[in-house]
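Please read the structure below before turning to the comments.
The values are calculated or read from the model by the stated rules, or taken from the named source; none is laboratory data. Because the structure is predicted, anything quoted here is derived from the model rather than measured. Glycine gets a Cβ as well: all are built from the backbone with ideal geometry, and neighbour counts include every protein chain shown.
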Amino acid sequence: MNNYISGLIMSHVLFNMKQIRHWILAIIALVSFNQLNAQYINGVDTICLGNPLVLSTSHTASSYYWGFCSAYLNNIPTGSSIAAGTGLSAPASIAMDKDSDQFYVFVVNSTGAKNMLRYDFTNLLSNAPTPVNLGTLGNKIPSNPRGMQLIKVGGDWFGFLLGGSGPGDYHIVRIEFGSHLSNTPSNVVDMGDLGGSVIDPRDMYIFRENFRWNAVVFGGSGDLYHLDFGIGLTNTPTVNYFGNFGSEVTGMWPMFDGSTWHLFYVNKTNHSVYRLDMGMALSLPVLPLTANLVMGGTPNFPFNDPRDISIIKDCSNYYGYVTNEGANSLTILNFGTNISGIPTASNIGNFAGFNQPGYLTRFIRDKDNVFAYTANAGDNSISRLEYNSCVASSIPNYYQMTPPPIIYSTPGSYNVYYAADEGLPTMAVDCKLITVLPEPIIELSHDTLICQRDTLLLVANGFNLASVEWNPVYNGRPPFDTTSIFVAPEEDYTYNVHLEFLASGGCAYDRAVHVTVGKVTADAGTDRFVADGAYTTLGGPRMSYGTDYTYDWKPQLWLDQYWVPNPNCKPVLASPLNDAQQYIVTVTDTSTQCWHRDTVWVYTECTQINMPNVFNTQSDIPINRKFGLLNTKLAKLEYFRIYNRWGNLVFETTDLHKSWDGTQKNIELPSDNYVWVIDGYCDNGLRVRKQGTVLLVK
């Protein structure tokens, strides 16, 4: 930096001393500004809802504070009216500051005893304050008290108060508090109008530039003054006149954007806000100055008798606040990132009990909340303006160097506030505006039911999808880094998919599709050979059994019950007429509608004689009333004979289709065991002989 300054001076040797001083001051201001605005927070500024925000800092400090849902000034502030106890009488001047970890608001009355009140908020500006009456300061409080500023120099606190009622009665008063703002002022000095040099002072701003203490003061008629205190604020300043910029100026606020000082002021008569571009050094403006209309010109658009203005920079954006005495309201100016641009204006009405609001304190960020105060002359109260922290972050704050990942619960803009070495000379502050985007619309297959042995298409897709990965995949068809895959699970299974979307920060989601597999097994049994005239039971051991299942055997030909899992092939009815018959069983789960089929072949062959062992001539089933051959594949019958227990022949035939009805010569025979013998030929040429007994039942 020293080489840069030397080169700058050498290249401009024709500059006069004032110009060189101007450049030096500007460079010093730029260095100071860059230190104050260093970036300490590392991490992305945009994430998607539900994604973790990972932040860090490389800044080494003795203490840390992270606020993840700090007040965001783009929102609308809340407010409240504070009667503030005893002693208020048409309050006018107001100022606020922090001493160590304690907050104080000072208010000066314009009527009555014209005394000063101190409001002690202890360590939180949201607390109900305790009023302390500091008295009349030795009767040195001027009439019509106006702008007031608190400032700490070295280890001592000073207050400066303006006021007066007319020529010969204009005052700049210095108030000395000593080492703490909680002290009763030890010395009060009335500097008057500095020898007639300052006319009708309304508002002032004290600052240090080029190792000297300075102030700019606006007069009520629009006159702008520069006060040079030299190296100490207790000196009597010299006065420089910068020019006239309107009428009835009531309040002002300076702002440095990194290269240029801008001085904003309100004009009550014109209902307007103006800006003066001062140049790179506030104490050495580039003259002549030009007043730039920021906004206004007619009542209620957007101001009505504006009284004061306060501006704050928060996360690269500038916000201005104007009290409207005529409308009991507040107007917010949103400049965005360009303090010299045209702001948007919002008159947000009376939300804090405004009643003839006047001067506005500076805004102070108390960790995650932002506060300012104004005095109301109409009802002897003060109004609190506050931006409160939100509750959308997974944790509100953190006190170590590296915070854990943060999750926000709703989309929106969130302010991350960082403070290190708080309260020390090395204190560093940074903020980062985090944009939380809504969760992208994800096209994802629903949890579903699939029948065992079926194939399912799973889909995971979305707008601006960058990549997709299914993992793990069971019984799937690769590739698995596509938006859709085919799977055929045999068991219940959960398929996980990781989706990443195009965004400047984290925008990734893990999703899952659970597939329930409906299991149904149809087992018709093994193919089998059945002797001619015999019977078999269909169905195998793997068949699904239970009341939730239905069974359907086809064809129904020769099956006793086609709707049961294991139907019997009964004689005659069940025995196939052909050499082979295929049966198909369909098993259905009524709860899932999943089904499965299986087949079995039944082969018949004539190898022996098959006969029933009992019959009842009185049976309800006609086929059971007679006794005869069950075989269907006999080609010739040599004889079919039946004998009673004494060996007497009671029935004889060579007709394959003739059965015994339990009579002899049309006489019913008694119930008993009878012996039968058969000799015949199968249709395959095999001779078959057999004998046995049958029980006649009546």
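A single member of Ile94, Ile141 is crowded, with 23+ Cβ neighbours inside 10 Å and without any contact (Cβ under 8 Å) to a residue 40 or more places away in the chain, and it is Ile141. Is region 285-297 home to any residue that is hydrophobic (A, V, I, L, M, F, W, C), crowded, with 16+ Cβ neighbours inside 10 Å, free of Cβ contacts under 8 Å to residues at least 60 places away in the same chain and closer than 25 Å to Phe229 by Cα? No; the residues of region 285-297 include none that is hydrophobic (A, V, I, L, M, F, W, C), crowded, with 16+ Cβ neighbours inside 10 Å, free of Cβ contacts under 8 Å to residues at least 60 places away in the same chain and closer than 25 Å to Phe229 by Cα. If only residues of region 302-336 that are among the acidic types (Asp, Glu) and part of a strand (DSSP E or B) are counted, the one that is nearest to Ile434 (Cα to Cα) is Asp314. With respect to the conditions (1) over 14 Å from Ala345 (Cα atoms); (2) touching a strand residue (DSSP E or B) at 6+ places or on another chain (Cβ under 9 Å), Ser272 lacks only one, and its number is (1).
Annotation note: of Asn210, Asn244, Asn240, Asn235, the sole residue that is of a type in the set (S, T, N, Q), in the same structural domain as Asn338 (by TED's automatic domain parsing) and modelled with pLDDT under 95 is Asn210. Of the strands (runs of 3 or more DSSP E) lying entirely inside region 456-532, the ones with 1 or more residues being β-branched (Val, Ile, Thr), without any contact (Cβ under 8 Å) to a residue 60 or more places away in the chain and farther than 30 Å from Gln582 by Cβ are found at 456-462, 465-470, 484-487, 493-501. A count restricted to region 272-288 and to residues that are over 18 Å from Asn210 (Cβ atoms) and at pLDDT 95 or above stands at 6.
Taken residue by residue, region 643-654 has no member that is modelled with pLDDT of 90 or more, crowded, with 16+ Cβ neighbours inside 10 Å and either acidic (Asp, Glu) or closer than 14 Å to Gly533 by Cβ (or both). For region 432-453, filtering for residues that are farther than 30 Å from Leu73 by Cβ, in a loop (DSSP other than H, G, I, E, B) and either in contact with a Gly (Cβ under 7 Å, 6 or more places away or on another chain) or at pLDDT 95 or above (or both) leaves 5.
Right, Arg384: basic (Lys, Arg), in a strand (DSSP E or B) and at pLDDT 95 or above or not? The answer is yes for Arg384.
On the basis of being over 30 Å from Thr57 (Cβ atoms), at pLDDT below 95 and outside the structural domain of Lys313 (by TED's automatic domain parsing), does Phe486 make the cut? It is false that Phe486 is over 30 Å from Thr57 (Cβ atoms), at pLDDT below 95 and outside the structural domain of Lys313 (by TED's automatic domain parsing). For region 356-374, a tally of residues being more than 19 Å from Lys98 (Cβ to Cβ) and in contact (Cβ under 8 Å) with a residue 60 or more places away in the chain returns 1. Taking region 103-207 and the strands (runs of 3 or more DSSP E) fully enclosed by it, the elements with 1 or more residues that are modelled with pLDDT of 95 or more, of a type in the set (S, T, N, Q) and within 21 Å of Gly220 (Cβ to Cβ) are at 148-153. The set of residues from region 67-80 being part of a strand (DSSP E or B) and surrounded by fewer than 17 Cβ atoms within 10 Å (Cβ to Cβ) comprises Thr78, Ser80.
Out of the residues in region 394-415 that are of a type in the set (Ser, Thr, Tyr) and surrounded by 22 or more Cβ atoms within 10 Å (Cβ to Cβ), which is nearest to Gly87 (Cα to Cα)? My answer is Tyr414.
Exactly one residue among Tyr681, Tyr674 is surrounded by 13 or more Cβ atoms within 10 Å (Cβ to Cβ), free of Cβ contacts under 8 Å to residues at least 60 places away in the same chain, of a type in the set (Ser, Thr, Tyr) and out of contact with any Ser or Thr (no Cβ under 9 Å at 6 or more places or on another chain), and that residue is Tyr681.
Taking the condition among the β-branched types (Val, Ile, Thr), farther than 15 Å from Asp45 by Cα and assigned to a loop (DSSP other than H, G, I, E, B), does Thr410 pass? Judged against the criteria, Thr410 is a match. What single numbered condition from (1) closer than 28 Å to Thr250 by Cα; (2) charged (D, E, K, R); (3) surrounded by 18 or more Cβ atoms within 10 Å (Cβ to Cβ) fails to hold for Asp368? Asp368 satisfies all of (1) closer than 28 Å to Thr250 by Cα; (2) charged (D, E, K, R); (3) surrounded by 18 or more Cβ atoms within 10 Å (Cβ to Cβ) except (1). Scanning region 602-648 for residues that are touching a Pro at 6+ places or on another chain (Cβ under 8 Å), part of a loop (DSSP other than H, G, I, E, B) and of a type in the set (A, V, I, L, M) yields a total of 1. Based on what the data block shows, is Ser165 in the same structural domain as Leu224 (by TED's automatic domain parsing), farther than 23 Å from Gly251 by Cα and not basic (Lys, Arg)? Considered against the rule, which asks whether it is in the same structural domain as Leu224 (by TED's automatic domain parsing), farther than 23 Å from Gly251 by Cα and not basic (Lys, Arg), Ser165 comes out as no.
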